Amino acid sequence: MGTGALRRRAGCSPLQPIGSRNVVHARVASAVATPFVGGRSHRRTGEHGEKALMTHWKHLVVALVAAFALAACSSSDNGGTASTEDQAPPPAEETPAEQIAELQGEKDREQAKADREAAKALYGALREPLAILTADPEEAVTLPAASSNRDLDDDGSNDDFPFPALGEPENGMYSGENDDDESFTVLIRSTKEDPTTLPFAEAYATGSSRLGAGQNALTSAGTIQPLSTADAKAKSANFPQESGIRTYLDGSRSFRGTYDGAAGVYSCSGTTCTVEFEEDGYVFAGTWTFNPDDNARISVEDTQFISYGWWLKKNSDGEILDAGPVYYRTPSADLATIDALEGTAKYEGEAVGKYAIYSGLFSERSEAGHFTADAELEVDFGDESAPGEISGDIVGFMTEAGPKDDWSVKLETVVLTSTGTFTSDPTTTTAGTIWSIGEIDSDVKGDYSGSLHDSGKAGQDTVPYEVGGTFSARYEEGVGAMVGAFAAKRTTE
């Protein structure tokens, strides 16, 4: 742009002639110096002299104004008011997507904080000595030897546990409250199998566990006598249905009915034949027999199984007070001895439990909740010169937060007793549990314990049918804690 061209600048006159700075400076100098030449005043007299002098002063004022204007505009180029050409645009407003992302980030931070507090609380509960629920919760909760009955009665009972006996469990989640407004949550799994059927003759053969006290086995004639006391297995439309006693005369002493669910015919001989209704079953008088139909079968409930799971207790404010595993097994299925067994057996099943990780060492979030996993164990029954041993792994973890494919808990090898029980104790031996995340093993060990069991079913061999127990694991100090229970059945391999 040449000298004298018009240019718009912010903070200057909209259209002002802006020349070269040197030109303006020259005009100022000329206007100042013109009245003085050679160091003296150039005097003029008369009217023309006065006009000339006034003209020079006007030129000086104009030159000074131009100089000040140039300086003001020049300052805008050096940190003063910026020109509209150079001025930065105002910051753009956030888009809806950016606003949502910011809100979500804040929500995530709040959730992470809540997760950490929950994980820390559960971690503290899991590190305490744990009460293992091993029997009817209305009657008793047995504890490990090193534990204290801090939440139980002096005799080890827990009358405030609001759940039915574990001997008749239903798989699922249970919850309730006690009189102290403490809430309980219990997860129960079981190895209970569907009912099976047996031929009547096999079910009531000599030595069968289904025979009642004093009851004779099925005779060669294919009949069986009802119990002499109240017998709940006997059913017939010809029995009194709600109360009273019925006498059967000649000609009415043979009719159809069922015994233990099997169809057949009831018959009575003798002088007197009566049947009396009682709440616990029917009471028979006279010589009564039941003759099952050919190929009659009975349905057999599985009464010997493992119940396993976890339990959690909170106070009225929702704070975690205690947690632990659930494990119960019908005592009649305990093994008598395994000393005569040799070879190996594999067992596969499930593990469930509670866990907490709150340090954030392996993820951005703390975690706490329950898990399911696969339980894999192997037993070496040893021989005459060596006792049996058991070991295994808990793998395939699934938590509320998703799968944990890089988690595993190793059950190190421990020695079996002659009755198939086992207990690890990392405080006195090297054996225990090792929690691994990825390829990193914890330096802090947990423990596990349990027992082998027979099936209690007819026709099974002497090799233990299933194994179950409880376990705990730690991941370093102050990082992770886990407790659980497991149950597994022998594979056919």
(Q) Rounded, prolate or oblate, given the Cα gyration tensor of segment 395-493, with a/c below 1.5 counting as rounded? (A) oblate
Q.
Over segment 394-485, with the other protein chains present, what is the accessible area per residue in square angstrom, probe 1.4 angstrom?
A. 41 Å²
**Q.** Whole-number accessible area per residue in Å² for segment 266-310, which is evaluated in the context of all protein chains at 1.4 Å
**A.** 47 Å²
Q: Would you check the accessible area of Y327, probe 1.4 Å, heavy atoms only, in square angstrom rounded to 10?
A: 30 Å²
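Over the alpha-carbon set of segment 400-455, divide Rg by the Kirkwood Rh and report the Rg/Rh ratio to two decimals.
On the way: Rg = 13.9 Å, Rh = 12.9 Å.
Rg/Rh for segment 400-455 comes to 1.08.
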Q | Residue-wise HN-Hα coupling along segment 245-258, computed from phi with Karplus coefficients 6.51, -1.76, 1.60 (Hz; x: Gly, Pro) | A | 9, 10, 9, 10, 8, 4, x, 10, 9, 9, 7, 7, x, 9
Q. Given H placed 1.01 Å from N in the peptide plane, which residues other than close sequence neighbours of D322 have an amide H under 5 Å from its amide H?
A. K313
Q | Peptides ranked, highest mean first, by Cβ atoms within 10 Å: ranges 284-291, 467-474 | A | 467-474, 284-291
Q | Value of Rg to Rh for segment 199-301 (Rh from inverse mean 1/r over Cα pairs, i.e. Kirkwood) | A | 0.94
Q. If amide H atoms are built 1.01 Å from N in the plane of the peptide, which residues on other chains or at least 5 residues away come under 5 Å of the amide H of A232?
A. Y282
Q: Given a cut-off of 32 Å, name the pairs among K113/K313; K314/K445; K113/K346; K314/K346; K192/K235; K235/K489 whose C-alpha atoms lie farther apart than that in the structure shown.
A: K113/K346; K314/K346; K235/K489
Q) Residues with amide H under 5 Å of G382's amide H, sequence separation 5 or more or different chain, H placed in the peptide plane at 1.01 Å from N; which? A) G343, E389
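The values are calculated or read from the model by the stated rules, or taken from the named source; none is laboratory data. Remember, predicted model here, so these are calculated numbers, not experimental data. Please note: Cβ atoms are built from the backbone with ideal geometry, for glycine as well, and neighbour counts cover all protein chains shown. Only protein heavy atoms, including side chains, enter the accessible area calculation; ligands, DNA and RNA are left aside. Shrake-Rupley method; radii C 1.70, N 1.55, O 1.52, S 1.80 Å.
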